[in-house]
Amino acid sequence: MKALRPLLAGILILATPVFAQQSNVSTFTLPNGMEAVVIEDHRALVVTHMVWYRVGSADEVLGKSGIAHFLEHLMFVGTDDIPEGDFSRIIEGLGGNDNAFTSYDYTAYFQRISAEHLELMMTMEADRMRDLELNEEAVRTERDVVLAERAQRTDSDPGSLFSEQRDAALYMNHHYGIPVIGWRHELEQLNLDDALEYYRRYYAPNNAILVVAGDVTPTEVEALALKHYGPLEPSDGIVARARPQEPPHLAPRRLEYSDTRVANPYVIRNYLATERNSGDQSKAAALTVLAQLLGGSGLTSVLGKALQLDQQIAVAAGAFYSATSLDPDSFGVYVVPAPDVSLEQAEAKMDEVLAQFLLDGPDPAQMERIKTQIRASEIYALDDQNGLARRYGAALSIGLTVEDVANWPKELDAVTADDVMAAAREVLDLRNSVTGWLMKEEAE
């Protein structure tokens, strides 16, 4: 359920820019407001069927944290047509697999199965979109499951607890500062009424995006979608997503977190960073290239080369930026110091490298290597049916369009050194940052 930020390792040498062709992508919208994207891929008799809802944890009401992820669990409880537990069993029995995930900005459900079973997937997914059957027992059971998941994935992991604390410090007002899984004390209070209210408002065709990728045609998918999703009633509770926004940040923030379970202490800094916007993706593209230049590789990136190879004071160093959020996200840099190097020394060296980069700018040869890698990654991505489906679903869920997705490789390739420097000067502002130290606490 975590968004991944893949970094390309290989390099493909191209004489001229080559962009991934996406002419096999088509769209339509049902009369009830449900949008659809079809990605034709006839290389195998397989289909990926996904339904994305434009609602995530950042849309939750204060005091009800975790309800988005909780409802994701409850969607597998059952309907009057599909008894509890049978949804996934049916798919597994047909040789397919299914799952779901929740983020700050969206919730998605997917199945990957033989193309001949696409209609059944639509039948089942449409059934639980508006006809989910919930009861007190199911809510108690799944609430306990979610609490156990939080205990296992967050409360028992010092890195996850540290991340929660940093997010809460970075976002003073926006709900991105609240964990997707929710705060434990609020999770414990979620009830049947909370779940039903949330479900009835947000789980509707006019808040959903259908993505089908695989051995299908647009005509076939549209006919099936009209048959199964078309009759569903839209929700009158869907309004423009108006969220609390961040006030101006006037001072850097710092935090330290110690835990006896920490194996590798590190220093990490998150800066507020602009999001990727429809029709205006240039800043996000420049930040994406900047993240690769600063920390995309331990061997050739600015931070990796300086701190891991030249000075040998770090065992790892990097940078990251996702470009997949509805509202301003974060740009991060980190250093995992060598055993004999303190976090104070590691942070000082990291700051020296960043300051020097702001003076020198990117190395032209490295800049070209990064852009070549990005072109290659876009080409390789065409081989991943599930990845393409996720790319389009996530994009449309945060307000981007199919055209924005198609233009993204060109936006990345158009980034210049001046664009990178402008992005660096804007984002690397300590007033908009939280610097954290994760430290090992010695057992008494």
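Once the whole set of protein chains is in place, how much accessible area is left on LYS283, using a 1.4 Å probe, in Å² to the nearest 10?
Rounded to the nearest 10, the figure is 110 Å².
Determine the per residue accessible area of the chain with all protein chains present and a 1.4 angstrom probe, expressed in square angstrom.
Normalised by residue count, the accessible surface of the chain is 44 Å².
Express the relative contact order of the chain as a whole percentage, based on alpha carbon pairs under 8 Å and six or more residues apart in sequence.
Details: 845 pairs, mean separation 102.9, N = 444.
The value is 23 percent.
How long are the semi-axes of the ellipsoid equivalent to the chain, from square roots of 5 times the Cα gyration tensor eigenvalues, in whole Å, largest first?
Equivalent ellipsoid of the chain: 38, 28, 19 Å, largest first.
Evaluate the relative contact order of region 251-317 (contact order divided by residue number), counting alpha-carbon pairs under 8 angstrom at least 6 apart; express in whole percent.
Over region 251-317, the number comes to 14 percent.
Ordering TYR202, TYR109 from largest to smallest accessible area (1.4 angstrom probe), what's the sequence?
Per-residue accessible area, sorted high to low, gives TYR202, TYR109.
How would TYR380, TYR104, TYR53 line up by accessible area, probe 1.4 Å, largest first?
TYR380, TYR104, TYR53
At what distance in angstrom do the alpha carbon centres of region 290-359 and region 366-444 lie from each other?
16
Counting every Cα pair in region 263-341, what percent are over 20 Å apart?
Of all Cα-Cα distances in region 263-341, 37 percent exceed 20 Å.
Quick check: at a probe of 1.4 Å, how many percent of the accessible area of region 256-391 sits on carbon and sulfur atoms?
Here carbon and sulfur together make up 51 percent of the probe-accessible area.
If I model a spin label at GLU119 and ARG243 as a point 7 Å from the Cα along the Cα→Cβ vector, what separation in nanometres do I get?
It is 4.0 nm.
Got a sec to turn the phi values of region 240-252 into Karplus ³J(HN,Hα) couplings, 6.51 cos²θ - 1.76 cosθ + 1.60 with θ = phi - 60°, whole Hz, x for Gly and Pro?
4, 7, 9, 10, x, 10, 6, x, x, 8, 9, 8, x
Considering only protein heavy atoms, what is the solvent-accessible area of THR324 at a probe of 1.4 Å, reported in Å² to the nearest 10?
Its heavy atoms expose roughly 60 Å² to the probe.
If you plug each phi of region 430-440 into the Karplus form 6.51 cos²θ - 1.76 cosθ + 1.60 with θ = phi - 60°, what whole-Hz ³J(HN,Hα) values come out, in order, with x for Gly and Pro?
Ordered by residue, 3J(HN,Hα) equals 4, 5, 9, 10, 10, 9, x, 10, 9, 10, 8 Hz.
Relative contact order (percent) for region 221-375, with alpha-carbon contacts under 8 angstrom and 6 or more residues of separation?
That works out to 22 percent.
Taking amide hydrogens as modeled 1.01 Å from N in the peptide plane, which residues meet the under 5 Å criterion relative to ASN99, leaving out close sequence neighbours?
Answer set, sorted by chain and number: PHE110.
Compare ARG140, ARG369 by solvent-accessible area with a 1.4 Å probe and give them largest first, with all protein chains kept in place.
Descending accessible area places them as ARG140, ARG369.
Taking the Cα centre of region 347-444 as origin and charging only Cβ (+1 Lys, Arg; -1 Asp, Glu), how large is the dipole, in debye to the nearest 20?
Dipole magnitude for region 347-444 comes out near 320 debye.
Which value, in Å² and to the nearest 10, is the accessible area of ASP80 when all protein chains are kept and the probe is 1.4 Å?
Estimated to the nearest 10 Å², ASP80 gives 90 Å².
Only Lys, Arg, Asp and Glu count, each charged at its Cβ (+1, +1, -1, -1), so figure out the dipole size of the chain about its Cα centre, rounded to 20 debye.
Approximately 1040 debye in magnitude.
Let me have the 222 nm mean residue ellipticity of the chain computed from DSSP H runs of 4+ only, each contributing -39500 (n - 2.57), with the sum over all residues rounded to the nearest 500.
Using -39500 (n - 2.57) per qualifying helix, the result is -12000 deg cm²/dmol.
The values are calculated or read from the model by the stated rules, or taken from the named source; none is laboratory data. All of these numbers come straight from a predicted model, not from anything done at the bench. Counting neighbours? That spans all protein chains shown, and the Cβs are built from the backbone with ideal geometry, glycine included. Keep in mind that these areas ignore ligands, DNA and RNA; they rest on the heavy atoms of the full protein, side chains included. Shrake-Rupley method; radii C 1.70, N 1.55, O 1.52, S 1.80 Å.
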